[in-house]
Amino acid sequence: MAAALVPPEPRSTPRVVSADGTRLYVEVHGPEDAPAVVLAHGWTCSTAFWAPVVRALVADGLRVVVYDQRGHGRTPAAAPGDHSTTLLADDLCAVLDGTLAPGEKAVVGGHSMGGMTLMAAAGRPQLREHAAALMLCSTGEARLVSAARIVPVRPAALRTWLQRKLLGSSLPLGPVTPVSRRLLRYGTMGPASTPAQTDAVTRVVHACPRGTRAAWGHVLDGLDLSAELSRLSLPTAVVAGTADRLTPFPHARRMRAVLPHCTGLTELPGMGHMTPVEAPEAVSGVLAGLVRDHLTGNGNGNGTGAGNSARNGAGEGDGHEPGATAGEFAIKEETP
């Protein structure tokens, strides 16, 4: 398992330039002529975050494109005042145009802020041209600060105020220590996460520049993509952990209800916010299922995108299954 968390070497790093002239760091993995999956990471992460999912998809014979969002990893930061969901959508569209042939389709997935990137691009012609289906993973469209459960205090107004301060803070995280690992695990991961998974997430998050963390945190604070979510008409799978404190499970239920073509909700009991690291088999299974159902035509036609990683179930759950283990994480909820 620990080996799967090590970022693989890319086959290529194509030159992709966004609308404002910034070169984005992009990696391509897997066979050149294989069906493509494009992945956008979340706040304070990087291409390295997708390592176990990339490895699983490439092992399934797929081509995978990952890129660093602005100021993350090896992509330069945005200019002061330029951080916005419009910029996120611009960069995604540049990646789609820069890595896919004209008219070529891919399955496009986003985790956390990456999912918000997909929502922000809902009306873009590049998304219509290149996306066959989408995955929204551990994300939300609005009310992120008030809905989060990072700070365990009451009343709700005090919790929201404290969480807003944390989200927009530019204080340094400091070195990786046992204490910082425990704090990050509490805030972002479920109780079943392993030490190797916690270490991988901690390294990625601590590598994010504090100015980038704060700037995008302010964007997330005021984010409202409700209208864009309702216009996201492509087949879209939703994935969420029931122990997610950053974007709690009710976000997933709301997205499932609002999306014009939701193919299903994959519920991951006991998993936190970092589902691509905590449950890479489930996340890669959803993506591979979307490829089969909506890209290659080799699926069973039910359009759920759940692959082989989920078992059928109708339970809504209460969002708290702390006893779940990695071997029993995936329950697929069908939608009409």
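Brief remarks on what is shown
- Residue-averaged 222 nm ellipticity for the chain, from DSSP H runs of 4+ at -39500 (n - 2.57), nearest 500: -10500 deg cm²/dmol
- Region 1-144, relative contact order [Cα under 8 Å, separation at least 6], %: 25
- Counting DSSP beta bridges with both ends in the chain, the antiparallel % (nearest 5): 30
- Per DSSP, loop GluC sites (Glu not before Pro) in region 12-107 with at most 16 further Cβ within 10 Å: 32, 104
- Sum of side-chain charges, residue 147 neighbourhood, beta-carbon under 11 Å (Lys, Arg +1; Asp, Glu -1): +3
- For region 3-333, the pair-distance distribution built from all alpha carbon pairs, in bins 10 Å wide starting at 0, is 6, 29, 39, 22, 4, 0 percent.
- Cα gyration tensor category, rounded, prolate or oblate, for region 213-297 with a/c compared to 1.5: oblate
- Inter-label distance for residue 199 and residue 157, nm, one decimal - labels placed 7 Å from Cα along Cα-to-Cβ: 4.6
- Loop-located trypsin sites (Lys or Arg not before Pro) in region 1-74 (DSSP state not H, G, I, E or B) with no more than 10 neighbouring Cβ atoms inside 10 Å: 15.
- Relative contact order (percent, whole number), region 3-333, Cα cutoff 8 Å, 6+ residue spacing: 18
- Sorting 186, 25 from the fewest to the most surrounding beta carbons within 10 angstrom yields 186, 25.
- Cα-based Kirkwood hydrodynamic radius, region 17-141, one decimal, Å: 14.2
Read the figures in this text as sums done on the coordinates, not as results from a lab. Everything quoted here is computed from the prediction, not taken from an experiment. Reconstructed Cβ throughout: ideal geometry from the backbone, glycine too, with neighbour counts over all protein chains shown.
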